Amino acid sequence: MTDLLNIRKLSVSFKMEYETTDAVRNVSITLRPGEVLGIVGESGAGKSTIGNAIVNLLEPPGEITRGEVLFKGQDLRNLDDKQMRDVRGKKIGMIFQDPQTSLNPLMTIGGQLIETINKTINLYGSEATNKVIELLESVGIDEPEARLNLYPHQFSGGMRQRVVIALALAGDPDLIIADEPTTALDVSIQAQILDLIKKLCQERQVGVIIITHDIGVIANISDRVTVMFNGQAVESGEVKQILTNPKHEYTKSLIAAVPRGDRKVERFKSIDYIEGGAQTQRRIDLDQHWLGKKFTQHYSDTAISINDLNKKYSLKKAFLKRNRSYVHAVKDVSLSIKTGESFGLVGESGSGKSTIAKLVAGLVSTDKGSIKLFDQEVTNKSKGKDVIAARRNLQMIFQDPYSSLNARMRVQDIVSEPISYYKTASTNMEMRQIVRDLLDHVGLGSNAMLKYPHEFSGGQRQRISIARALASRPKILICDEPTSALDVSVQAHILNLLKDLQDDLGLTILFISHDLPVIRQMCDRVAVMRHGSICEIATTDSLFEKPQHEYSKHLLELMPKTDFI
Amino acid sequence: MKDGQSLIEDKLNSAKYKKILKANFLKPATLIPILLLTFIAGCAIFAPILAPTNPYDLAIVSILDSRLPPGEVMFNGTVAWLGTDGAGRDVLSAIIYGLRTSLIVALTSAAIALTVGLVVGLIAAFYGGRIDAFLMRIVDIQLSFPAILIALVLLALLGKGVDKVIIALAIVQWALYARTVRATAIVERRKEYIEAASTLGLNNFRIILKHLLPNSISPLIVLATLQTAHSISIEATLSFLGVGVPITEPSLGSLISNGFDFILSGAYWITFFPGVMLLATVAAINIFGDQLRTILNPRHSK
Amino acid sequence: MSLVVFTMINIVGDPVDMLVNPESLPDEIERVRSDFGLDQPAHIQYIKFLQGALSGDLGNSFIFGRPALALIAERFPATLELATCALIIAIVFGLPLGIYAGLNPKSFGTRIIMGGSVLGISIPTFWLGLMMIIIFSVVLGWLPVSGRGDIGSFLGLESSAFTLDGLSHLIMPATNLALFKIAMVIRLARAGTVEVMSLDFIKFARARGLPPERLVRFHLLPNILIPIITVLAIEFGTLIAFATVTETIFAWPGLGKLVIDAIVNLDRPIVVAYLMFVVTLFLLLNLIVDIIYAALDPRVRLNGDQ
């Protein structure tokens, strides 16, 4: 059988005025009809660039510098603009990451499908409409006739992605390139969309290239996989073989960094390949150090105690009470977290888990209920000295490493702010020494002090955030999706660091995540949340082994399988 | 997942960014307006030294010199390179003195408006809710009326004079600054570093001053530049309409207004040269502002 | 609002001083004063003014001795005509140029367009008007200097755009007024184009093989038009305000000229009436903007139905 797509020694460069970046170097890929090929890699690996290069949709100044893109034996590089347009849609369909932005918001979905069909397979009028209805049915949209005249914003995220898939298939292409097709979707919808893509492509004998950062996606859907690192394809082969018996060091560490859902491991191991070189982590001797001093004090056994907590957000403001509408973000939540415990909150987006974090941290006010930190009531009604003192025991690590640091402050000023504000160090000299030690302790090195946040990668920024939190000498750390914006290998590093800190300092951690395997690796006990309420609280092991609540079972079923490792 | 593009942006953010910044400043599109503006500011500052005559010293001005075309020699022996106006004042000198008034009016009113707008915008963005709604309602109402109209009415009420024009222009402009600051600050306000600052227990004043303000100010720099150009233009327009700076005081607008009466008799130079100067000043500031916007583009400096 | 306008107008000078001959006898001044009701205390004046305003009477002009509102109604069509023409010119020239510049960021034409637009926003309208008069009327003698010219009628609309003479009077002031807006539309259209073209749905539309003409017409244009139309509707008010300048230069018999004269002569009823008129106009424009917005954007339209 001939190859559907054959990429030979492809190189893509982005030529800038001051510098040229080789985004893709010497990559060769082959794909047979009806086959699903996964391209996996972390950010900056060049995987999306390959997808765009195939159909010549590179953003300027990107251009193919070398190599061939043979599609059914014809080199796509030799086509002019017009010929290329006939390939796009008709021969090769694309699916992009974010269904929110992939559709024209001002055109009905019927309109967008019909224009594509007009162009690609030259069907017009009622024939085109029939084809559209057939397509929408095939991607699992009910009552397609009634939905033709709807606009994209009237569909949910998952439904929109189905429309996007219908659009990609509209011209009966032979190849589909799907660039992170499920990344922007909730876990429960991810699986459906992947199944749909797989099913449609088998039915139609369409070749598929799935570009993703998620090894779980690859394991679920693809036949073969190419692993990309830093613009190069480091390893290719059958999925099973690559996942169980990786040859290249990078593949090995990438797989080792994936959190497992099936059992707890102490630390993530052998993940040094990515961040390059050994970490400069130099531990502080806590008995002697400023940082350790406060931690010797005695605290009560319960760190956080939440009782009957409620929070509503208003969706629609109105003068009359009955016209207002609310979303009940947190509904009658009660839980208590022991000192030194690592407690997880897990749930899908909109389940209210982040709102709880913000309520506990005092970032939003409570409507009803009580929150106690070490037996001190801290809800908004009380604003005494005791409350402020109790709040200082609590610090937070945020989700987005790019927005959680003040871009206009140097790292040393960011980290030292709580020290200087509360004057917890006696001299400036001492303060600087503390900052230096903290940065060393989180594995960043003290030469970071004079730099600004934008000079650091996402993982490094999270380390700065952690150092800033430690500078308050907290007893409680709230981690709100601390690694969900990070690549998997970087995530492994940060999670290791958090584990170490907890062991050393006896921190109480409230860990919030949508990612079950991460929760499994990090937490002693877990609460499962849905629609603002807690479904189930259990020890991590018992939740993962014997979930009691229906919703917990449902979530666990959707969890990406990691038994390939 | 971002890819090639983000790779490039990350690299741009590194030390090379400074190099690019420097190169951007050395581009002709930035350099020429800067040089021009330096020259104009120099003229304005050293007006008494540079101007051949003092056109507002009534003892020197002679009605016999009125409407001399460019290059003619005036009664007192100096050459009127750009001609003289209806009252016999040397146009070149009047332009140099006029620049001074225009720049003082524009810069002072911009400074006042910027300060007021900054405070209002930051407070609205930080506290949100009703305070925000109230302040922004005022801003919206004011901004729904054209600046020139408000200025016109204000000056009709306040009367003529440099100080009054400054007050009127400050009142006209503050709302735009307030809205711009608020728009940026409200985005910044929602970012996690502000939440981090409040978890650290810092008080609101410190959060606004040290965290919110420095991150909300860069769009304001561009706006202030463009608004300065705009207010020079408005001042000239008002003076031209006869409600701004009185004709006895030096201003480009009043000079052009003076020349309006002689247009049909062919004395073009009284309106032409001050207008060219006005255009050059405003255009130089605008081009500079545009370049500044490109350079400060958040895509590059993230 | 009316209170603010009224008090502020009252603070400024005594209109009687402007109205009567400085050499008049004191009792003559008093007579004028009482004729206009200016001898009564301010709050009574205000109540009278309010009563009048509610019944559509904003007082008589001190100068013309006729109802202020009638004068405004009489002058408004000329200003409306001027502003409408300017708006049309701005859209017809600005939109295509801006889109071109947005689609071809590096081309030579774009440099010229953008350079021109900087010049356009920098050039003082009034000065440009004077230069136009010097060039087209004084030096070349092609176009008349001032006035409105003959008025023609077409489909029940009366405008000077329908006669050749009227058109020759209209073209210079309208172009003058439009220039700033052309530059503005260019900038808006370019910024919108650059932004929309970088969005995912455009990339996706290209990936579906749609040709460039279709991309521009059906995907780019509707998306940039919504913000531009909303801005322009508001800017129409600015055009009417800026018409004061243009009308002064070209002696165009519109609202602007009326109000400038009124301000200079302290003709209080006219100024008050003008302001009330303009406030109403702006409220109306804002309403129109909301309606247009809802009509064009399905996201707004459909939310309103629920």
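A count restricted to region A:353-367 and to residues that are more than 12 Å from every other protein chain (Cβ to nearest Cβ), over 18 Å from residue B:200 (Cβ atoms) and assigned to a helix (DSSP H, G or I) stands at 3. Counting only residues that are assigned to a helix (DSSP H, G or I), within 9 Å of chain C (Cβ to nearest Cβ) and farther than 18 Å from residue B:100 by Cβ, region B:266-280 holds 2 of them. When residues in region A:404-436 are screened for being more than 8 Å from chain B (Cβ to nearest Cβ) and either of a type in the set (Lys, Arg) or without any contact (Cβ under 8 Å) to a residue 24 or more places away in the chain (or both), 12 of them pass.
Being within 11 Å of chain C (Cβ to nearest Cβ), open to solvent by less than 50 Å² (accessible area, probe 1.4 Å), under 24 Å from residue A:192 (Cβ atoms) and outside any helix (DSSP H, G or I) is the requirement here; does residue A:107 meet it? For residue A:107, the condition - within 11 Å of chain C (Cβ to nearest Cβ), open to solvent by less than 50 Å² (accessible area, probe 1.4 Å), under 24 Å from residue A:192 (Cβ atoms) and outside any helix (DSSP H, G or I) - is not met. Number of residues in region A:157-192 that are open to solvent by 30 Å² or more (accessible area, probe 1.4 Å) and among the acidic types (Asp, Glu): the value is 3.
Take the residues of region B:286-302 that are within 8 Å of another protein chain (Cβ to nearest Cβ) and modelled with pLDDT of 80 or more: which is nearest to residue C:249 (Cα to Cα)? For region B:286-302, the residue satisfying everything is B:286.
Scanning region A:388-401 for residues that are crowded, with 16+ Cβ neighbours inside 10 Å and within 10 Å of chain B (Cβ to nearest Cβ) returns A:391, A:392, A:394, A:395, A:396, A:397, A:398, A:399, A:400, A:401.
Just one of the listed residues (B:236, B:178) is over 17 Å from residue B:127 (Cα atoms) and either open to solvent by less than 20 Å² (accessible area, probe 1.4 Å) or in contact with a Gly (Cβ under 8 Å, 6 or more places away or on another chain) (or both), namely B:236.
Which is modelled with pLDDT of 80 or more and either over 27 Å from residue B:267 (Cα atoms) or touching a Gly at 6+ places or on another chain (Cβ under 8 Å) (or both), of B:40, B:112, B:96?
Working: B:40 fails: either over 27 Å from residue B:267 (Cα atoms) or touching a Gly at 6+ places or on another chain (Cβ under 8 Å) (or both); B:96 fails: either over 27 Å from residue B:267 (Cα atoms) or touching a Gly at 6+ places or on another chain (Cβ under 8 Å) (or both).
Answer to the check: B:112.
Among the candidates A:285, A:308, A:367, A:332, the residue that is at pLDDT below 85, of a type in the set (Asp, Glu) and open to solvent by 10 Å² or more (accessible area, probe 1.4 Å) is uniquely A:285.
Out of region A:68-87, which residues are assigned to a strand (DSSP E or B) and open to solvent by 20 Å² or more (accessible area, probe 1.4 Å)?
Restricting attention to region A:68-87, the residues satisfying the condition of being assigned to a strand (DSSP E or B) are A:68-71, A:74-75.
Hits for region A:68-87 are A:68, A:70, A:74, A:75.
Can you find even one residue in region B:186-196 that is more than 12 Å from chain A (Cβ to nearest Cβ), over 17 Å from the mean Cα position of the chain (by Cα) and open to solvent by 10 Å² or more (accessible area, probe 1.4 Å)? Yes; the residues of region B:186-196 include at least one that is more than 12 Å from chain A (Cβ to nearest Cβ), over 17 Å from the mean Cα position of the chain (by Cα) and open to solvent by 10 Å² or more (accessible area, probe 1.4 Å). For region C:6-115, the helices (runs of 4 or more DSSP H) that sit wholly inside it and include 1 or more residues that are modelled with pLDDT of 85 or more and open to solvent by less than 60 Å² (accessible area, probe 1.4 Å) are C:68-103.
Taking helices (runs of 4 or more DSSP H) as the structural unit, those lying wholly within region C:198-306 and holding at least 3 residues that are in contact with a helix residue (DSSP H, G or I) (Cβ under 6 Å, 6 or more places away or on another chain) and facing chain A (nearest Cβ under 9 Å) correspond to C:200-207.
Just checking, does region B:202-210 include any residue being touching a strand residue (DSSP E or B) at 6+ places or on another chain (Cβ under 8 Å), free of Cβ contacts under 8 Å to residues at least 12 places away in the same chain and open to solvent by less than 30 Å² (accessible area, probe 1.4 Å)? Write out each step before concluding.
Within region B:202-210, the first condition is being touching a strand residue (DSSP E or B) at 6+ places or on another chain (Cβ under 8 Å), and the residues that meet it are none.
Looking for residues that are touching a strand residue (DSSP E or B) at 6+ places or on another chain (Cβ under 8 Å), free of Cβ contacts under 8 Å to residues at least 12 places away in the same chain and open to solvent by less than 30 Å² (accessible area, probe 1.4 Å), one finds none in region B:202-210, hence no.
Just so you know, in region A:454-489 the residues that are part of a loop (DSSP other than H, G, I, E, B) and within 30 Å of residue A:301 (Cα to Cα) include one that is nearest to the other protein chains (Cβ to nearest Cβ), and it is A:472.
Could you count how many residues in region A:116-147 are assigned to a helix (DSSP H, G or I) and within 17 Å of residue A:93 (Cα to Cα)? Working first, answer last.
Restricting attention to region A:116-147, the residues satisfying the condition of being assigned to a helix (DSSP H, G or I) are A:116-121, A:125-138, A:144-147.
After this cut, where a residue has to be within 17 Å of residue A:93 (Cα to Cα) as well, the list is A:116-121, A:131-132, A:135-136, A:138.
Total satisfying the criteria: 11.
Every residue in region B:145-159 that is part of a loop (DSSP other than H, G, I, E, B) and within 19 Å of the chain's Cα centre (by Cα), please. The one that is part of a loop (DSSP other than H, G, I, E, B) and within 19 Å of the chain's Cα centre (by Cα): B:146. Comparison of A:121, A:95, A:64 shows that the only residue that is more than 10 Å from chain C (Cβ to nearest Cβ), among the hydrophobic types (A, V, I, L, M, F, W, C) and touching a Ser or Thr at 6+ places or on another chain (Cβ under 9 Å) is A:64.
In the list B:158, B:226, B:152, which residue meets the criterion of being away from chain A (no Cβ under 14 Å) and open to solvent by less than 10 Å² (accessible area, probe 1.4 Å)?
Values: B:158 fails: open to solvent by less than 10 Å² (accessible area, probe 1.4 Å); B:226 fails: open to solvent by less than 10 Å² (accessible area, probe 1.4 Å).
When all the criteria are applied, what remains is B:152.
For region C:116-127, filtering for residues that are more than 8 Å from chain B (Cβ to nearest Cβ) and either open to solvent by 20 Å² or more (accessible area, probe 1.4 Å) or over 22 Å from residue C:190 (Cβ atoms) (or both) leaves 1. Restricting region A:208-250 to residues that are in a loop (DSSP other than H, G, I, E, B), touching a residue at least 24 places away in the same chain (Cβ under 8 Å) and of a type outside the set (S, T, N, Q), the residue that is farthest from residue A:48 (Cα to Cα) is A:223. Within region A:153-192, count every residue that is assigned to a loop (DSSP other than H, G, I, E, B) and among the charged types (D, E, K, R). Residues meeting the conditions: 4. Residue A:98 satisfies every condition listed in (1) without any contact (Cβ under 8 Å) to a residue 60 or more places away in the chain; (2) charged (D, E, K, R); (3) open to solvent by less than 50 Å² (accessible area, probe 1.4 Å) except (1).
Among residues that are out of contact with any Leu (no Cβ under 6 Å at 6 or more places or on another chain) and part of a helix (DSSP H, G or I), residue A:150 is not included.
Set side by side, the residues A:49, A:30, A:20 differ, and just one is surrounded by fewer than 21 Cβ atoms within 10 Å (Cβ to Cβ), among the β-branched types (Val, Ile, Thr) and within 12 Å of chain B (Cβ to nearest Cβ), which is A:20.
Looking only at region C:200-220, residues that are in contact (Cβ under 8 Å) with a residue 24 or more places away in the chain and open to solvent by 20 Å² or more (accessible area, probe 1.4 Å) come to 1 in all.
The values are calculated or read from the model by the stated rules, or taken from the named source; none is laboratory data. Keep in mind that this is a model prediction, so the values were computed, not measured. Glycine also receives a Cβ, built like all others from the backbone with ideal geometry; neighbour counts cover every protein chain displayed. Accessible surface is based on the protein model in full, side chains and every heavy atom, while ligands, DNA and RNA are left aside. Shrake-Rupley method; radii C 1.70, N 1.55, O 1.52, S 1.80 Å.
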